[in-house]
Amino acid sequence: MAKAVKIALAGEGGQGVQSVAQIIAEAANEEGREALYIPNFGVEQRGGVSVAFLQIGDERIGSPKFQTADIVVALSDRAVRRTSQYVDGNTTFVYDSSIQGVENDIPRNAGRILAIPAVETSRSELHPRVFNIIIMGAVIKATNVVSEDQARAAIEKKLGYKFEQNPKLRELNFKAIARGMELVEKAQ
């Protein structure tokens, strides 16, 4: 990884955007990479648009801000509209295919546009609470910023106390990572 990969994750407060960014940053740090994570959300943590800015590279990251992202992930209609400013011809724009009414708001200047059924997959195959982990798997597959094994280790570190109380949650979260990776692979 020569230059830092710039990631913008956006969704409604409560969708787990900030948690995903923290876990990916932790996984990158554990792999010996530089990671810079900056949360951005309003005072209303639930119900407002939440954006996580994340940069991961092998060298020191010079500036916390960036104009355009290598990948933008939008998980709600308002997130689609809010993140279009971070898109250019080199950006992969990922959004959940269940979002309604954004057809005219998808940034057509993106290098790649991937619609993935993360919400539907979480509801029909796994559990709605692992929707954000599906997204994490999608980001990992689309960017290769961390290995799947390191992502699993970071989830274990963050959620291990919950896994001890309910061991089935571990398997569910690990399936969600793998499923998110598969969704991106199919969409490409």
(message) Is it the case, given these coordinates, that Ser98 is open to solvent by 10 Å² or more (accessible area, probe 1.4 Å), assigned to a loop (DSSP other than H, G, I, E, B) and either in contact with an Asp or Glu (Cβ under 8 Å, 6 or more places away or on another chain) or farther than 18 Å from Val139 by Cα (or both)?
(response) yes
Checked against (1) closer than 17 Å to Val17 by Cα; (2) open to solvent by less than 40 Å² (accessible area, probe 1.4 Å); (3) in contact (Cβ under 8 Å) with a residue 24 or more places away in the chain, Lys158 satisfies every condition except (2)
The residue from Thr83, Thr91 that alone is without any contact (Cβ under 8 Å) to a residue 60 or more places away in the chain, open to solvent by less than 50 Å² (accessible area, probe 1.4 Å) and out of contact with any helix residue (DSSP H, G or I) (no Cβ under 8 Å at 6 or more places or on another chain) is Thr91
Screening Ala27, Ala69, Ala10 for residues that are part of a loop (DSSP other than H, G, I, E, B), within 15 Å of the chain's Cα centre (by Cα) and not hydroxyl-bearing (Ser, Thr, Tyr) leaves only Ala69
Here the qualifying pairs (Cβ atoms under 7 Å; residues six or more apart or on different chains; first in segment 135-153 and closer than 21 Å to Leu75 by Cβ; second surrounded by fewer than 19 Cβ atoms within 10 Å (Cβ to Cβ) and of a type in the set (Gly, Ala, Ser)) come out as Gly137/Ala178
Per the filter on segment 108-145, residues outside any helix (DSSP H, G or I), more than 15 Å from Leu169 (Cα to Cα) and open to solvent by 10 Å² or more (accessible area, probe 1.4 Å) are Arg108, Asn109, Ala110, Gly111, Arg112, Ile113, Ala115, Pro117, Asn144
inquiry  = Take Asp77 and tell me if it is surrounded by fewer than 18 Cβ atoms within 10 Å (Cβ to Cβ), free of Cβ contacts under 8 Å to residues at least 60 places away in the same chain and either basic (Lys, Arg) or more than 17 Å from Lys158 (Cβ to Cβ) (or both).
reply    = yes
Pairing a residue in segment 102-115 that is touching a residue at least 60 places away in the same chain (Cβ under 8 Å) and of a type in the set (Gly, Ala, Ser) with any residue that is assigned to a loop (DSSP other than H, G, I, E, B) and open to solvent by 50 Å² or more (accessible area, probe 1.4 Å), where Cβ atoms lie under 7 Å and the two sit 6 or more apart in sequence or on different chains, gives Ala115/Ser97
Review point. Going by the structure shown, is Ser76 farther than 15 Å from Ala187 by Cβ, under 16 Å from the mean Cα position of the chain (by Cα) and among the hydroxyl-bearing types (Ser, Thr, Tyr)?
Key: yes
Answer yes or no as to whether Glu44 is charged (D, E, K, R), modelled with pLDDT of 90 or more and either over 20 Å from Met136 (Cα atoms) or open to solvent by 20 Å² or more (accessible area, probe 1.4 Å) (or both). no
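The values are calculated or read from the model by the stated rules, or taken from the named source; none is laboratory data. A quick note: this is a predicted structure, and the numbers were derived from the prediction, not measured. Neighbour counts run over all protein chains shown; Cβ positions are idealised from the backbone, glycine included. In case anyone asks, the SASA skips ligands and DNA or RNA and just uses the protein heavy atoms, side chains included. Shrake-Rupley method; radii C 1.70, N 1.55, O 1.52, S 1.80 Å.
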